[in-house]
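Only one structure is covered here, and it is reproduced in the block below.
The values are calculated or read from the model by the stated rules, or taken from the named source; none is laboratory data. Everything numeric here is computed off the predicted structure, so don't read it as measured data. Virtual Cβ from ideal backbone geometry, glycine too; neighbours counted across all protein chains shown.
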Amino acid sequence: MTVLERVRSRGHWVHHVQPAQFIQDRIPTLKKLEDVFGNAHLQLRGWDYPHLPKRGPERHLDHLQVAAEWRWHIETWRLYQSGQFVHYNGLREDWYSDDPPPGMQHVEPGKVLGMVMTLFTLTEFYLFAGRLIQNMGVNEDVHVETTLMQAGGRNLVSFDPDRVPFDPWHSSPPDLVELPRKQVVSATELIAHSSELALDHAIWIFERFNWDAPRGLLADDQQKLIERRL
């Protein structure tokens, strides 16, 4: 089974960023593309975003590619010379049962969605997207799309024993196969307001899990991530 097939076999995120105007060789060389990626790459918590192995990305005809598997981190991404970025990122919650970290022994695949983990994943994605667009010198509209796949029938959880647990009705309907959100934003907005866009997106998702999330609470958690105070 390929990494992509493993990602798709359970809940996962599909992240997609693309400048509105298609320019095939927007980034003229793969070496330059690696530099653009390196300047956008994030290390805010124990696992980087998107993951970059020590050997670097694979070079293909017109794109860079990485496929990674380690414990509950399963992902694959491509970055094209046109500026298009596509990332398939497995839900960590769905892989804990295979190699559980402390306190996660009873987390079953397809049953829960971590509130803080969702916020952190979205924050990393939007911050990376903004940095990527900035480093490519894009000054036009940008298509931004994120889909949470296999979202149905999950309970919202915090995984933090110091927080008040979510009620059982903070869950998604069983028939919610996917939860897509597509936006067209200016490069300026994406670069300057990436953290706010991530908050908007998280609140949008949580609303569909029957939770009207307090923006201030999420903003505090987000700031801890950005400032590496985890």
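A few points about this structure:
- Residue list for the range 31-47, restricted to those being over 27 Å from D62 (Cβ atoms) and in contact (Cβ under 8 Å) with a residue 60 or more places away in the chain: L44, R45
- Against the test of being surrounded by 15 or more Cβ atoms within 10 Å (Cβ to Cβ), of a type in the set (F, W, Y), at pLDDT 95 or above and closer than 30 Å to K32 by Cβ, the options F125, F206 yield a single qualifying residue, F125.
- Beta carbons closer than 8 Å, at least 6 apart along the sequence or on distinct chains, never pair a first residue in the range 184-199 that is on the phi > 0 side of the Ramachandran plot and crowded, with 18+ Cβ neighbours inside 10 Å with a second that is at pLDDT 95 or above and not charged (D, E, K, R).
- Selection from the range 68-77 of residues that are surrounded by fewer than 19 Cβ atoms within 10 Å (Cβ to Cβ) and either under 14 Å from the mean Cα position of the chain (by Cα) or in contact (Cβ under 8 Å) with a residue 24 or more places away in the chain (or both): A68, E69, R71, H73
- Whichever residue in the range 48-67 is in contact (Cβ under 8 Å) with a residue 24 or more places away in the chain and surrounded by fewer than 17 Cβ atoms within 10 Å (Cβ to Cβ) and, among such residues, is farthest from V7 (Cα to Cα): D62
- Screening the range 63-179 for strands (runs of 3 or more DSSP E) wholly inside it with 3 or more residues that are within 30 Å of Q24 (Cβ to Cβ) returns the ranges 63-70, 73-80, 85-90, 141-149.
- Any pair with Cβ under 8 angstrom, 6 or more apart, that starts in the range 157-181 at a residue that is at negative phi and ends at one that is of a type in the set (F, W, Y) and surrounded by 12 or more Cβ atoms within 10 Å (Cβ to Cβ): V157/F166; S158/F166; F166/W211; H170/F209; H170/W211; S171/F209; S172/F209; R181/W204
- Criterion violated by Q18 - all others in (1) assigned to a loop (DSSP other than H, G, I, E, B); (2) under 14 Å from L79 (Cα atoms); (3) of a type in the set (S, T, N, Q) satisfied: (1)
- Among the residues of the range 94-120, those identified as in contact (Cβ under 8 Å) with a residue 60 or more places away in the chain and in contact with an Asp or Glu (Cβ under 9 Å, 6 or more places away or on another chain) are D94, P109, G110, L113, M115, V116, L119, F120.
- Residue in the range 92-115 that is surrounded by fewer than 23 Cβ atoms within 10 Å (Cβ to Cβ) and more than 26 Å from S172 (Cβ to Cβ) present: yes
- Among the residues making up the range 21-46, those that are outside any helix (DSSP H, G or I), touching a helix residue (DSSP H, G or I) at 6+ places or on another chain (Cβ under 9 Å) and within 30 Å of D94 (Cα to Cα) are H41, L42, L44, R45.
- Given (1) buried (at least 19 other Cβ atoms within 10 Å of the Cβ); (2) under 16 Å from W204 (Cα atoms); (3) basic (K, R), index of the condition R181 fails: (1)
- Filter result for A219 (outside any strand (DSSP E or B), surrounded by 18 or more Cβ atoms within 10 Å (Cβ to Cβ) and either of a type in the set (A, V, I, L, M, F, W, C) or at pLDDT 95 or above (or both)): no
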